[in-house]
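**Q** Below is the structure I would like to discuss, written out as structure tokens.
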Amino acid sequence: MITAVDTNVLIDVFAGDARFGPGSRDALERARNEGALVLSDVVWAETVAAFGEPDAAEAAIATLGATFSAPTREAGTAAATAWRAYRTAGGPRSRVVSDFLVGAHALVQADRLLTRDRGFYRRYFSGLTVLDPTA
């Protein structure tokens, strides 16, 4: 079982978020016990940026056993298709292509996505199994 992990779950854990941290930590542990954890390029970059120090971020990511997983061309095309549908339907620019890359990467290259942003991903990526650490 391959679980793609979204940035919000990682930041919950690494920043020690009082509200979401415990649930996100438990969900990460369950997912890790069930298989591999992967981070797309977008999630990797956002997480490293949150730390400010690349070595510290990479060390924290390594403690999870998560690995980097670059999106394939198929995932990029799926992201573009979903983003275009979103914008055509009047979706505001508050969602950017990178959000769609996270979902498409999980849909094409993983078995599920661990995120707190479940409604968005379920709406634009039918067929994607979304795990919510707050549920």
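The values are calculated or read from the model by the stated rules, or taken from the named source; none is laboratory data. Here the structure is a predicted model, which means the values were calculated and not measured. For neighbour counting, all protein chains shown are included, and Cβ atoms are generated from backbone atoms with ideal geometry for every residue, glycine included.
**Q** Quick check on THR67: is it over 13 Å from LEU114 (Cβ atoms) and either under 15 Å from the mean Cα position of the chain (by Cα) or not hydroxyl-bearing (Ser, Thr, Tyr) (or both)?
**A** So THR67 fits the description; yes.
**Q** Determine if the range 92-99 includes at least one residue that is of a type in the set (S, T, N, Q) and modelled with pLDDT of 95 or more.
**A** Checked the range 92-99: no residue is of a type in the set (S, T, N, Q) and modelled with pLDDT of 95 or more.
**Q** Those residues that are aliphatic (A, V, I, L, M) and either out of contact with any His (no Cβ under 7 Å at 6 or more places or on another chain) or in a helix (DSSP H, G or I) (or both), I need them from the range 2-16; list them, please.
**A** Start the filter on the range 2-16 by keeping residues that are aliphatic (A, V, I, L, M), which leaves 2, 4-5, 9-11, 13, 15.
Within the range 2-16, ILE2, VAL5, VAL9, LEU10, ILE11, VAL13, ALA15 meet the criteria.
**Q** Something else about it: Mind listing whichever residues of the range 73-85 are touching a Phe, Trp or Tyr at 6+ places or on another chain (Cβ under 6 Å) and either among the charged types (D, E, K, R) or modelled with pLDDT under 95 (or both)?
**A** Selection gives ALA82, TRP83.
**Q** Name the residue, out of GLY127, GLY76, GLY90, GLY65, that is within 19 Å of ILE11 (Cα to Cα) and without any contact (Cβ under 8 Å) to a residue 60 or more places away in the chain.
**A** The match here is GLY65.
**Q** Could you run through the range 119-135 and say how many residues are part of a loop (DSSP other than H, G, I, E, B) and either among the acidic types (Asp, Glu) or out of contact with any helix residue (DSSP H, G or I) (no Cβ under 7 Å at 6 or more places or on another chain) (or both)?
**A** 4
**Q** Within the range 94-116, how many residues turn out to be over 19 Å from SER24 (Cβ atoms) and part of a loop (DSSP other than H, G, I, E, B)?
**A** Total meeting the criteria: 3.
**Q** Could you list, in sequence order, the residues of the range 17-44 that are surrounded by 14 or more Cβ atoms within 10 Å (Cβ to Cβ), assigned to a helix (DSSP H, G or I) and either within 16 Å of the chain's Cα centre (by Cα) or in contact (Cβ under 8 Å) with a residue 40 or more places away in the chain (or both)?
**A** GLY21, GLY23, SER24, ARG25, ALA27, LEU28, ALA31, ARG32, ASP41, VAL42, VAL43, TRP44
**Q** Now for a separate question. Taking the residues in the range 111-127 that are surrounded by fewer than 20 Cβ atoms within 10 Å (Cβ to Cβ), modelled with pLDDT of 90 or more and in contact with a strand residue (DSSP E or B) (Cβ under 9 Å, 6 or more places away or on another chain) as candidates, determine which candidate is nearest to ILE2 (Cα to Cα).
**A** Ranking the qualifying residues of the range 111-127, first place goes to ASP111.
**Q** Here is a follow-up. Check GLY91, GLY76 and return the single one that is of a type outside the set (D, E, K, R), more than 14 Å from the chain's Cα centre (by Cα), surrounded by 13 or more Cβ atoms within 10 Å (Cβ to Cβ) and part of a loop (DSSP other than H, G, I, E, B).
**A** GLY91
**Q** If ALA70 passes every condition in (1) of a type in the set (A, V, I, L, M, F, W, C); (2) at pLDDT below 95; (3) loosely packed, with under 14 Cβ neighbours inside 10 Å but one, which one does it miss?
**A** For ALA70, the exception is condition (2).
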